[in-house]
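Below: one structure, written as C-alpha cells.
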Amino acid sequence: MTAEFVRLDVADGVGTIRLDRAKAMNAISIQVQDELTLAAAEATDRSDVRAVVVWGGEKVFAAGNDVKEMSDMSYTDMVDRVQRLQDAVNSVARIPKPVVAAVNGYALGGGCELALAADVRFAADNAVLGQPEVLLGIIPGAGGTQRLPRLVGPSKAKDLLYTGRFVKAEEALALGLVDRVLPAADVYAEAVAWASRFATAAPYALRAIKECVDRGLELDLESGLQIERHSFSAIFATEDSRTGMRSFIENGPGKATFEGR
Ligand code: CAA
C-alpha cells in the first residue's frame, strides 16, 4: 500500500511520523489509522531509526478521528473496527524507542490520544488539546479514558473527559499533559533535537527502560521490580553493556561509542 496521509521521514537516526491530511485538519480516518500502523511498524523495524517524532505539520497535529466517516458507522461497524483503531495508536505507543509528539495547533480527540501514546509531548504556544468526544455524544476510543488518567491523574482527566473542554498549551503544561511549551516555529526542531540525543545511545538499554516503565506502570510494585530485575540481568548480554562500562572505567562517564548490539 502506498501511504497517502502518513509517511515516515528518516534523517540522522530520527524518524518523523508525519501526518499530512491538511484538507481535513489531519482527521484520523480509517485510512489514516492503517497508515499510522504501517509507519509505526516501519519505525520499529528500521535500525537506522533510533528515536521518533510524531508531527502533524506546522498548522495542526490532528483534530481527532474523522467525524464525517464515523457518523455513518453503526454499533456493529464499530465493533468490527475499534480494535484496529486502537491498534493504530497502540502501534505508536509500542515503538520500542524514544518517541516525542510535537504538537502544533489542535490535538483533539484521537489527535490528543495519539499524542498521549508518545513518551513525551512538546507543545507549541498555540497548541490546543482536549478530549471533546462527549460533545459529540460519544467517548474516546483510542485510549483516552486510560492513558489520560494514567498521565495526569483521575480527577484532572475526568474534568477534561466530562466537559470536553479545550486546554491551551500553558494549562496543558500545568496539568502535566505536555512536558514543554515552545514557540510554534521551534516545536518540531526541538523535538528532533530531543530525539537526536538518542541517535548514538545504546538502543537495547533504551528499549529495556521503556518496557520496564510502561509494563511496570500497569502492575503492582513488586511485579514491576521483578520485570526490572529480569531486564537488568538481560541487558548484561548486550555488547553495548560491555562497551559502556569499559569506556567509563578507561575514559570516564558519557564517552562510550555504542554499536547497538
Ligand atoms: N473530523 C472530520 N472533519 C474535521 C474534523 C474531524 N475530527 N475536524 C475538523 N474537520 C473539518 C471540518 O469539518 C471542516 O471541513 P469543511 O472545510 O469541509 O467544512 C475543516 O476540517 C475545518 O474545520 P472547521 O471549519 O471546524 O475549522 P475551525 O478552525 O473553525 O475549528 C476545530 C477547528 C476546533 C478543530 C473544529 O473543527 C473541531 O472542533 N473539530 C472536531 C474536534 C473533535 O470533536 N474531535 C474529536 C473527534 S471524535 C474522536 O476522535 C474519537 C476517538 O476518540 C477515537
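The values are calculated or read from the model by the stated rules, or taken from the named source; none is laboratory data. All values derive from a computational prediction rather than experimental measurement. Positions of Cβ are backbone-derived with ideal geometry, glycine not excepted, and every protein chain shown enters the neighbour counts. We work out accessible area using only protein heavy atoms, side chains counted, and drop any ligands, DNA or RNA first. Shrake-Rupley method; radii C 1.70, N 1.55, O 1.52, S 1.80 Å.
Answer yes if at least one residue in segment 134-143 is within 30 Å of residue 58 (Cβ to Cβ) and loosely packed, with under 13 Cβ neighbours inside 10 Å, and no otherwise.
Within segment 134-143, one or more residues are within 30 Å of residue 58 (Cβ to Cβ) and loosely packed, with under 13 Cβ neighbours inside 10 Å.
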- request: Report whether or not residue 82 is within 11 Å of the ligand (Cβ to nearest atom), open to solvent by less than 30 Å² (accessible area, probe 1.4 Å) and modelled with pLDDT of 95 or more.
  value: no
task: Please tell me if residue 258 is free of Cβ contacts under 8 Å to residues at least 40 places away in the same chain and of a type in the set (Phe, Trp, Tyr).
output: no
message: Where the second residue is open to solvent by 50 Å² or more (accessible area, probe 1.4 Å) and within 16 Å of the ligand (Cβ to nearest atom) and the first is more than 15 Å from residue 115 (Cα to Cα) and lies in segment 7-31, which pairs have Cβ atoms under 6 Å and are six or more apart or on separate chains?
response: 29/69
- request: Keeping to segment 2-19, report how many residues are open to solvent by less than 60 Å² (accessible area, probe 1.4 Å) and part of a loop (DSSP other than H, G, I, E, B).
  value: 3
field: residue 108 being over 18 Å from residue 19 (Cβ atoms) and either open to solvent by 60 Å² or more (accessible area, probe 1.4 Å) or touching a Leu at 6+ places or on another chain (Cβ under 8 Å) (or both)
entry: no
All positions within segment 193-246 that are open to solvent by less than 50 Å² (accessible area, probe 1.4 Å) and among the hydrophobic types (A, V, I, L, M, F, W, C): 195, 198, 199, 201, 202, 205, 206, 208, 212, 227, 235
- prompt: Which of the residues belonging to segment 150-167 are open to solvent by 50 Å² or more (accessible area, probe 1.4 Å) and part of a helix (DSSP H, G or I)?
  reply: 150, 151, 154, 155, 156, 158, 159, 162, 163
- request: Look at residue 120 and say whether it is more than 15 Å from the ligand (Cβ to nearest atom), more than 16 Å from residue 33 (Cβ to Cβ), surrounded by 23 or more Cβ atoms within 10 Å (Cβ to Cβ) and in the same structural domain as residue 183 (by TED's automatic domain parsing).
  value: no
query: Looking only at residues in segment 26-73 that are of a type in the set (S, T, N, Q) and within 16 Å of the ligand (Cβ to nearest atom), which one is nearest to residue 95 (Cα to Cα)?
result: 37
- prompt: Does at least one position in segment 168-181 carry a residue that is open to solvent by less than 30 Å² (accessible area, probe 1.4 Å), within 12 Å of the ligand (Cβ to nearest atom) and at pLDDT 95 or above?
  reply: no
- prompt: Can you pull out the residues in segment 61-104 that are within 30 Å of residue 205 (Cα to Cα) and small (Gly, Ala, Ser)?
  reply: 88, 91, 93, 101, 102
